[in-house]
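Shown next, in structure tokens, is the structure this report addresses.
The values are calculated or read from the model by the stated rules, or taken from the named source; none is laboratory data. Only a predicted model underlies this, so the values are computations on that prediction, with no experimental measurement involved. Every residue, glycine among them, receives a Cβ derived from its backbone with ideal geometry; neighbour counts consider all protein chains shown. In case anyone asks, the SASA skips ligands and DNA or RNA and just uses the protein heavy atoms, side chains included. Shrake-Rupley method; radii C 1.70, N 1.55, O 1.52, S 1.80 Å.
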Number of protein chains: 2
Amino acid sequence: MISNKCKYAIRALVHIANNEQDDRAVMTSDIAREQQIPRKFLEIILRELRNNRILESKRGKDGGFRLLRAAEDISLTEVMRIIDGPIAMLPCVSLNYYRKCDECEEESCEIKAVFEQVRDRTLDILNGQTIKSLTLS
Amino acid sequence: MISNKCKYAIRALVHIANNEQDDRAVMTSDIAREQQIPRKFLEIILRELRNNRILESKRGKDGGFRLLRAAEDISLTEVMRIIDGPIAMLPCVSLNYYRKCDECEEESCEIKAVFEQVRDRTLDILNGQTIKSLTLS
DNA sequence: ATATATCCTATCTATTTAGTAGTATTTATT
DNA sequence: AATAAATACTACTAAATAGATAGGATATAT
């Protein structure tokens, strides 16, 4: 399962992509209201996305958030990894958060082989998805 | 991520499948030692698998656990759902543990559509795997 | 009777999840 | 310069989950 936080992050980014016009930033409070996300929690999420170079922010009056890159250049996997960490179902098959099994010999591990397949088919789908592909237009 | 508990469950079942001979039951302590799983924790797991009709148990001397069905009739998904619950990445796309989203219209939800694909490709792989297919032989 | 296995109830600690509260800082406008 | 309005930051909290452990009850082969 992906976390609620991650679902919020995706919805917030899609909302920003749908509402960026001219170069006006989108405010946390607008996203919170329209997407029904707790405002203070959303603040934390947006800041985290900014720290990871998905968003840029502007403080003070008329402040808010904008995508740092084009929506088609932000993949779903990138967002999911920032917010939730590994996508794989086992640490020993994770590409970005690999950790060794202590109990099994990995070369001959049948369980590992299965979850490598799951990882590959999952990434086939998720890598192809971007914030752009999730917008209305 | 699947839990450690679930990985233990799978390894324990594969161990039982590999070590069932004649009609001798396999003891918790043997599995615990050979698979390096904490014994008391493993007891809970095996009992849970028994309560869900994956295993049968025999108490007392010469007691232990046996598969209730043939190893090729126990799918990986069945075990995973018993121990960890849903396999899908979102409650609203889970086949066995469905829960409605409260914030989005499901018919038009782009996020849901993506994670339905992930679910289908994941189940394509996991439904094809059984305790038998994970054994040595 | 006894040794040995599962069964059951209760408990525990650490981590993660999902937030909330309050203050500091920055910026546009007047 | 003052003010209003936005993000930035620090700290805290409650509930759930993960990953176990402890101890006694019960069943069974010998």
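Helix B:39-51 and the longest principal axis of the Cα set of chain B meet at an angle near 70°. For A:Arg59, the shell of other residues with beta-carbons less than 14 Å away shows a net charge of +2, using +1 for Lys and Arg and -1 for Asp and Glu.
Separation of the alpha carbons by more than 20 angstrom is noted, of B:Lys40/B:Lys132; B:Lys40/B:Lys61; A:Lys5/A:Lys58; A:Lys40/A:Lys61; A:Lys40/B:Lys100; A:Lys112/B:Lys5, for B:Lys40/B:Lys132; A:Lys5/A:Lys58; A:Lys40/B:Lys100.
The residues of chain A present an accessible area of 53 Å² per residue when probed at 1.4 Å with all protein chains retained.
Computed from protein heavy atoms with a 1.4 Å probe, the total accessible area buried between B and A is close to 2900 Å². A loss of 30 Å² or more of accessible area (1.4 Å probe, protein heavy atoms, ligands and nucleic acids excluded) relative to the isolated chain is seen in these residues of the range A:1-25: A:Met1, A:Ile2, A:Lys7, A:Arg11. Against the criterion of solvent-accessible heavy-atom surface with a 1.4 angstrom probe, B:Leu42, B:Leu68 sort, most first, into B:Leu68, B:Leu42. Using a Gaussian network model of chain B in which every pair of alpha carbons under 10 angstrom is joined by a spring, one finds that among B:Cys92, B:Cys101, B:Cys109 the greatest mean-square fluctuation is at B:Cys109. Each other copy places its own label point for A:Glu72 at 4.9 nm from this one, sorted shortest first, where the point lies 7 Å along the Cα-to-beta carbon line.
Within the range B:58-73, find all residues whose amide N lies under 18 Å from a label point positioned 7 Å from the Cα of B:Glu34 along Cα-to-beta-carbon. Those under the cut-off are B:58, B:62-68, B:71-72. What are the label-to-label distances in nm, one decimal and shortest first, from A:Glu56 to the same spot in the other copies, with labels 7 Å along Cα to Cβ? Output for A:Glu56: 6.9 nm, nearest copy listed first. Chain B residue nearest by beta-carbon to the axis mapping B to A, with distance in Å: B:Arg121, 2. Shown for B:Cys101: label points 7 Å from Cα along the beta-carbon vector, and their distances to the equivalent points in the other copies, 3.5 nm in ascending order.
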